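The values are calculated or read from the model by the stated rules, or taken from the named source; none is laboratory data. Since the structure is predicted, the reported quantities are computational estimates derived from the model, not experimental observations. So basically every Cβ, Gly included, is an ideal-geometry build from the backbone, and we count neighbours across all protein chains shown.
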């Protein structure tokens with residue numbers, strides 16, 4: 001089994017599949033940074049764009065289904081413009097995280113770019129491959145296969161990096177992957193319930209500030225909306241922290257795998 005495949009199996013076992021520049025201890029929530037920029041702190045724009053460059057690259061690469069090189073690909077510039085546009089348009093009262101909103105804007109700008117390119121360029125139909133013969137057709141197939149292989153390698157590398165970064169962030173909360181495996185809920189409805197609670201935490205700036213500052217769950221505040229007992233929250237504390245970190249971090253592959261990038265709502269029984 002491939003290394004990335006094994007890791008995904010482990011994540012599926014722990015979480016279930018429902019569909020940095022500065023250290024985590026001092027990292028400011030993107031929503032707070034955007035609020036400062038919108039209030040007139042223009043000097044924060046440059047560092048913010050630089051800090052989230054990996055996020056911009058990941059979104060563009062995933063959309064294009066190939067690795068986007070910032071030094072040579074126009075799609076990177078388009079994606080970066082989309083991120084900057086998201087800063088100017090974000091509304092924290094809309095109920096969506098800035099990261100989720102920024103990804104939507106970037107994808108829209110890339111779609112516009114793709115449509116514009118298609119209007120001004122001749123697109124070679126796939127059916128024309130039938131008209132190629134000999135070495136020309138073989139070279140076309142080899143190039144296509146090489147691109148697929150390269151994209152797969154980049155995907156594996158990005159996934160590995162995300163898992164390593166999440167592990168480092170979890171360690172700041174005194175959590176290891178070994179402990180996480182022991183504390184993962186066994187039943188699907190319990191995992192869905194924890195996803196619902198994690199979503200509520202991630203979308204509450206005050207709760208996120210408390211969690212990052214104290215490096216622990218603000219149990220008392222969470223009880224106000226969680227709909228579960230304190231005992232349930234305590235038992236699933238490490239699992240919840242991991243879910244919240246995935247939701248609020250630049251973990252696009254893990255978010256896709258766990259379904260946390262969608263606007264999921266769920267109920268469920270107590271874990």
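Condition check for residue 173 on (1) at pLDDT 80 or above; (2) assigned to a helix (DSSP H, G or I): one failure, at (2).
The set of residues in segment 206-232 that are part of a helix (DSSP H, G or I) and surrounded by 14 or more Cβ atoms within 10 Å (Cβ to Cβ) comprises 207, 208, 209, 210, 211, 212, 221, 222, 223, 226, 232.
One line per residue, one yes/no per condition, for (1) under 26 Å from residue 69 (Cβ atoms); (2) surrounded by fewer than 13 Cβ atoms within 10 Å (Cβ to Cβ); (3) at pLDDT 90 or above:
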{"position": "3", "(1), (2), (3)": "yes, yes, no"}
{"position": "6", "(1), (2), (3)": "no, yes, no"}
{"position": "19", "(1), (2), (3)": "no, yes, no"}
{"position": "25", "(1), (2), (3)": "no, yes, no"}
{"position": "34", "(1), (2), (3)": "no, no, yes"}
